[in-house]
1. Which condition does Ala168 not pass, out of (1) in a helix (DSSP H, G or I); (2) touching an Asp or Glu at 6+ places or on another chain (Cβ under 9 Å); (3) within 24 Å of Ala38 (Cα to Cα), if it passes all the others?
2. Is it the case, given these coordinates, that Asp192 is more than 17 Å from the chain's Cα centre (by Cα) and without any contact (Cβ under 8 Å) to a residue 60 or more places away in the chain?
3. Can you pull out the residues in the range 115-149 that are touching a helix residue (DSSP H, G or I) at 6+ places or on another chain (Cβ under 9 Å) and under 21 Å from Phe216 (Cβ atoms)?
4. Does any residue of the range 172-188 turn out to be more than 20 Å from Pro111 (Cα to Cα), of a type in the set (A, V, I, L, M, F, W, C) and surrounded by fewer than 22 Cβ atoms within 10 Å (Cβ to Cβ)?
5. Looking at (1) crowded, with 19+ Cβ neighbours inside 10 Å; (2) free of Cβ contacts under 8 Å to residues at least 40 places away in the same chain, which is the one condition that is false for Phe248?
6. List the strands (runs of 3 or more DSSP E) inside the range 74-151, counting only whole elements, that have at least 2 residues being modelled with pLDDT under 95.
7. Working only within the range 304-331, note down all residues that are within 18 Å of the chain's Cα centre (by Cα) and under 18 Å from Met293 (Cα atoms).
8. For the range 295-348, what are the residues that are β-branched (Val, Ile, Thr) and not in a loop (DSSP other than H, G, I, E, B)?
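The values are calculated or read from the model by the stated rules, or taken from the named source; none is laboratory data. Quick caveat, the model's predicted, so the values are computed rather than measured. Because the Cβ atoms are built from the backbone with ideal geometry, glycine has one as well, and the counts that use them run over all protein chains shown.
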Amino acid sequence: MRRTGVPDRVPFEISWGAFTPGLMGVYRQRTGSTLDPAEYFGFDTRFVTIGPTRKQSDFSKWYSVPLPKDVVWDEWGYGMMRGSMEHFMEYRFHPLSDMTAAEQVLSFDWPDVDADYRFDGMAEAVKAIHDRGYAVAGELYQTIFEIAWLMRGMENLLCDFMLNEDVAHAICEKLTELRVHQAAKFAEAGVDIIRLGDDVAAQKGAFMSLDLYQKFLKERTRRVIMAARRVRPDVLIFMHSDGNIKDFIPEYIDIGVDILNPVQPECNDLEAIGRQYGGKISFWGGIGTQTTMPYGTPQEVREAVRTVQTQLGSRGGLLLAPSHILEPEVPWENVVAFVEGARDARYQ
């Protein structure tokens, strides 16, 4: 990922916990294994995340509407309803949605994601993984923008960017303060990679202009990165955003991102991105989960692995992975074909 020299082979993983529940059942049936897929297939990375909260919160006071009994609550206070497909949830309840002033935002009962006890045992876990020869990633997804809209509501937040900047800044600033503390603690624990993530684009284009990204998110994300690097200067910074993100790549490079994920092939020109940015940033992903993995043949999956290696990592700087979690439509034979193709990938 540092693009210093030619690796002996191409590292790989299967993204986002490997499989949805339906495909996880197929994995158990076809392999007979009780191991986590990372262990069974030998992924080249492992991850750590913060421990569960001990904080007790009553989020109902932040809502002016009746709440169904089957709402699933997150510690950030947003409420979800189970969707109709596998692991997907419908985000229906947003605790900051009725707020009109920055002072109200600051009065919210924010979670203790940066508390010391949430990191208890992490350094020991990182060392144990290092002792087995793996790189370790600290998970800090949904870094600023995604949690902001989950708490405020997507339409509300995007309107705030244009019409109520004080509220938007208050939400993003509070989240940044929490993330700065978390990033430093991950670095103190010794992780090799900190995985940030904010989906700033859909498949046909960005959710916001670059001007708005620069005004509300860019420098705050830089602060999170710098907080980690003050503790561990060589920590690698990974940034996830689905969608067509080509216009954001220079912004990510400017704030110190080392690795871009997932480089979704259905809406990005991988060859052009690799050619333009391959010497400036590394890539993690590249294999389509809307196209190749569910609908290709095993041979087409293997060919995609070779193609993506050429497009994004001809001399290194690539970890092969599907662009998202694998859904039940993916044939088991294609999973095996991806793993075998990735294992066989070599540099000339």
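1. Answer for Ala168: the failing condition is (3).
2. No: the conditions fail for Asp192.
3. Those that are touching a helix residue (DSSP H, G or I) at 6+ places or on another chain (Cβ under 9 Å) and under 21 Å from Phe216 (Cβ atoms): Leu140, Gln142, Thr143, Ile144, Phe145, Ile147, Ala148, Trp149.
4. yes
5. (2)
6. 79-82, 89-93
7. Listed by number, the residues that qualify are Leu319, Leu320, Ala321, Pro322, Ser323, His324, Ile325, Leu326, Glu327.
8. Scanning the range 295-348 gives Val301, Val305, Thr307, Val308, Thr310, Val335, Val336, Val339.
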